[in-house]
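Everything on this sheet refers to the single structure shown next.
The values are calculated or read from the model by the stated rules, or taken from the named source; none is laboratory data. Quick caveat: nothing in here was measured; it's all calculated off a predicted structure. Counting neighbours? That spans all protein chains shown, and the Cβs are built from the backbone with ideal geometry, glycine included. For the accessible areas, the whole protein counts, side chains as well, though only heavy atoms, and no ligand, DNA or RNA atoms are used. Shrake-Rupley method; radii C 1.70, N 1.55, O 1.52, S 1.80 Å.
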2 protein chains.
Amino acid sequence: MEHFTDGQITRGKQSLIFENPPYIVSAASVVGSKEAEGPLGKLFDMTNEDDLFGAQTWEEAESTMQKEACVLALGKSHIKAEEIRYLFGGDLLRQGIATSMGVEALQIPMFGLYGACSTSGEALALAGMSAAAGYGRYMLAVTSSHFGSAEKEFRFPLGYANQRPLSAHWTVTGSGAFLVRAAEEESPAEDPYSSEPAETDVDTSTLSHVRITGVTVGKIVDYGLKDSQNMGACMAPAAMDTIVQNFEDMGWNEEDYDRIITGDLGNVGQSILFDLVRGKGYDIRKKHLDCGMTIYDRERQDTHAGGSGCGCAAVTLASFILPKIEKGEWKRVLFVPTGALLSTVSFNEGASVPGIAHGIILEHF
Amino acid sequence: MEHFTDGQITRGKQSLIFENPPYIVSAASVVGSKEAEGPLGKLFDMTNEDDLFGAQTWEEAESTMQKEACVLALGKSHIKAEEIRYLFGGDLLRQGIATSMGVEALQIPMFGLYGACSTSGEALALAGMSAAAGYGRYMLAVTSSHFGSAEKEFRFPLGYANQRPLSAHWTVTGSGAFLVRAAEEESPAEDPYSSEPAETDVDTSTLSHVRITGVTVGKIVDYGLKDSQNMGACMAPAAMDTIVQNFEDMGWNEEDYDRIITGDLGNVGQSILFDLVRGKGYDIRKKHLDCGMTIYDRERQDTHAGGSGCGCAAVTLASFILPKIEKGEWKRVLFVPTGALLSTVSFNEGASVPGIAHGIILEHF
């Protein structure tokens, strides 16, 4: 695939194209038991049966997942934590505590982020922007969510056993970490692939063909919805806004992507997204995937609208999407994690639930 | 002051120096009644008597402050929200809800941040990094905190009238916004100052002499303290770490700065900082200021250890520090907002309170 750069970095209103796009050189996924039993189960790097990962609390378990995901991503590329210039990380919990406690042991200078379930996109955008700007050779992006800690944070204690509407999401227990490396002036000597590899030959434990070529930073989009049990509907307008803005900024449409992959709209949000995008003159139905619909078997696993959480898009990207780009099966993907901006306080005070989505252009090189 | 760049951006372990440093072209501060009665009272752009800013809830009031601070910072430079490429913002509340609701109306593509009270440093670092990298001409950084919303989030409802230990901080009701502009290749034509202005001549409503020349991104520092009512002690090790790392990365010491200004250590944290820094072979006592100690009159206002919150360092920078740099009174300042990484959940589960601090090098040009 031809990379198209003319030295102009900013594109349109919200997008950037990197002149020398950074690589994602490794990625790792750590998930809980339900995710391990789902359709992607065998693709994850680490799973845990009791979802506690040896910890005493859900919050500590989530932090452990973040740390393990980072260590695994570093280990795959044989990179030490000291070699990472900056870490970009976040989670769903109040005051981003899973991230603070999770990455503390790595002692990497860090930027804490909050973008609800869009945080993996936010972290990858900033890691890519920092690597492309020459602010360091290696950057690390990590996000997580945990069903137990999220239910406690946003809804009911697990023991309460409340009923959930069919539009509700199931928060993914998982953490995904991504090691981003600045592009060298020359291609690296250790690159094992001198030509396009056959699909079966590819070892996708490390990556050498995936680059972040650009980003479309999202804005807050608020259609006034207030139903926190229907986050797909709350986030769909933001996903549409970012996808359509990406098309307009780049002068592209759905034909320019092999896949357009949202974070966690679920099946309710997906149908709204299709309608909203069609209203803008595009049709992404043949190109669309949603991580929240991919990670669980809806019928068998009783997960209602689909998976959600900062971990949902992150572990799906690490385990399922990146290997396909690495192999060249998909040449260009628009990865669009979606977030619903609410808290228990804003909900109780009657505020609406706006959404945000960040677009990351991932390409096979 | 000579700017020292040799084309190398990364310095030492954690720092960056921008080859063509971006400007802070305007800043705005919006504060509550207690801040208006304090030593900096007359320097703030907007104050409000009942701390509600026309809203019904503390959270909504905090969002209103953020929006007003952004609008004021834009207005001072006659820049429209549409001209801002990216916004970097955060606050103390769960899921950063004050920021989401506050900046929504501006419709600027945004990155939500969480770094506790260090967030103003994080936002300025990323805004500066993005502007210096050519990712857009204008960036906006904004943070806030509110005494009412923070007490509700972290401690007790205001009506409970609990006793506070002397080591406790008083959360600043305030929001500061900063408009960052990428440096032009040539100096801008509208620059009204052709030579060093006399102090009395300077109109500091807009700025044209303040640049972000570099940053030192902080890492999480945990000395194992668990007292959330003594955040100064929890944050002092992180402040020391970032200040000393800045010295080492740059090959500088305290003599190279006119002021080293921490965010909200308060008087307890300050004395710990002095001891820790002296243990590393430096003595910053003559150069140190703390925003939390500057914003209130400790005796008269009964604020115990001092002010704190994402708004504390931000409004002190906007109202008090930047004008002094603009006038040339201070030629080089290391601005080091400090954050304590805790949540009610982590506190209740017995976790320690680690700290983080980001260093921003601000210079008069």
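For residue A:327, give me every one of the lysines with a C-alpha distance below 29 angstrom, ignoring sequence neighbours fewer than eight places off in its own chain.
Within the straight-line cut-off, residue A:327 pairs with A:34, A:42, A:67, A:76, A:80, A:286, A:287.
What accessible area, in Å² to the nearest ten, does a 1.4 Å probe give for residue B:67?
Approximately 80 Å² of residue B:67 is accessible to the 1.4 Å probe.
Once B and A are treated as a pair rather than alone, how much accessible area drops out, both sides summed, in Å² to 100, probe 1.4 Å?
On the way: alone 14780 and 14770 Å², together 24680 Å².
Heavy-atom accessible area buried at this interface is about 4900 Å².
Label residue B:155 and residue A:158 with points 7 Å out from Cα along Cα→Cβ: what is the distance between them in nm?
3.4 nm
Suppose accessible area is computed on protein heavy atoms with a 1.4 Å probe; arrange A:324, B:13, A:152 from highest to lowest.
B:13, A:152, A:324
May I ask you to derive the relative contact order of chain A, considering only C-alpha pairs under 8 Å and at least 6 residues apart, and to give it as an integer percent?
Contact order relative to length: 25 percent.
Mind checking which aspartates and glutamates have their Cα closer than 12 Å to the Cα of residue A:324? Skip sequence neighbours fewer than 8 apart in that chain.
A:199, A:203, A:258, A:363
How long are the semi-axes of the ellipsoid equivalent to segment B:251-323, from square roots of 5 times the Cα gyration tensor eigenvalues, in whole Å, largest first? List each step's numbers first, then the result.
On the way: eigenvalues 99, 49, 16 Å².
In descending order, the three semi-axes are 22, 16, 9 Å.
Distances in nm, one decimal, shortest first, from residue B:160 to the same residue in every other copy, taking the label point 7 angstrom along Cα→Cβ.
Here the equivalent label points are 1.9 nm apart from this one.
If B:170, B:58, A:330 are ordered by their accessible area, calculated over protein heavy atoms with a 1.4 Å probe, which sequence runs from highest to lowest?
The ordering from most to least exposed comes out as B:58, B:170, A:330.
List the residues of segment A:56-105 for which accessible area in the full set of protein chains is at least 40 Å² lower than for the chain on its own; 1.4 Å probe, protein heavy atoms only.
Those residues are A:85, A:86, A:94, A:95, A:97, A:100, A:101, A:104.
Pull up the DSSP beta bridges for chain B and report the antiparallel fraction as a percent, rounded to 5.
60 percent
Roll a 1.4 angstrom probe over the protein heavy atoms and tell me the percent of accessible area of chain B that is carbon or sulfur. If you can, show how the numbers build up before the last one.
Values: 5790 of 12350 Å².
Carbon and sulfur together cover 47 percent of it.
Given R₀ = 60 Å, FRET efficiency for residue B:253-residue A:227 by Cβ-Cβ distance, to 0.05?
Rounded to the nearest 0.05, the efficiency is 0.60.
Taking each residue in B:343-354, count the Cβ atoms of any other chain within 10 Å of its Cβ, then average. What number comes out?
Values: counts 10, 3, 11, 11, 1, 1, 7, 2, 7, 2, 1, 3.
Partner Cβ neighbours, averaged per residue: 5.
Distances from residue B:37 to the same position in the other copies: list them in nm, one decimal, shortest first, using label points 7 Å from Cα along Cα→Cβ.
Copy-to-copy label distances at residue B:37, shortest first: 6.0 nm.
Which FRET efficiency value, to the nearest 0.05, do you get for residue B:329 and residue B:19 by plugging their Cβ-Cβ distance into 1/(1 + (r/R0)^6) with R0 = 30 Å?
The formula returns an efficiency of 0.70 here.
Evaluate the Kirkwood expression for the hydrodynamic radius of segment A:286-331, namely the inverse of the mean inverse distance over all pairs of different C-alpha atoms, and round to one decimal in Å.
Values: mean 1/r = 0.0875 Å⁻¹.
About 11.4 Å for segment A:286-331.
Tell me the relative contact order for segment A:66-152 as a rounded percent, counting alpha carbon contacts under 8 Å between residues six or more apart.
38 percent
Considering only protein heavy atoms, with the full assembly of protein chains and a 1.4 angstrom probe, order A:149, A:205 by accessible area, largest first. Kindly include the intermediate steps, with their values, before the conclusion.
On the way: A:149 0, A:205 50 Å².
From most accessible down to least: A:205, A:149.
Which distance in nm do the two modelled labels at residue A:299 and residue B:83 give, with both placed 7 Å along the Cα-to-Cβ direction?
Placing both labels 7 Å beyond Cα along the Cβ direction yields 5.8 nm.
How far is residue B:56 from the same spot in each other copy, in nm, shortest first, if each label point sits 7 Å from Cα toward Cβ?
Sorted ascending, the copy-to-copy spacings read 4.2 nm.
Express as a percent, rounded to the nearest 5, the fraction of DSSP beta bridges in the protein assembly as shown (both residues included) that run antiparallel.
60 percent
What percent of all Cα-Cα pairs in chain B falls in each 10 Å bin, counting up from 0?
6, 28, 37, 23, 6, 1
Under a crude label model (7 Å from the Cα following the beta-carbon direction), how far is residue B:52 from residue B:349 in nanometres?
Rounded to a tenth, the inter-label distance reads 3.7 nm.
On alpha-carbon atoms, Rg over Rh for the protein assembly as shown using Kirkwood Rh?
0.95
Per residue, how many Å² of accessible area does the protein assembly as shown show with a 1.4 Å probe?
Heavy-atom SASA per residue in the protein assembly as shown reads 34 Å².
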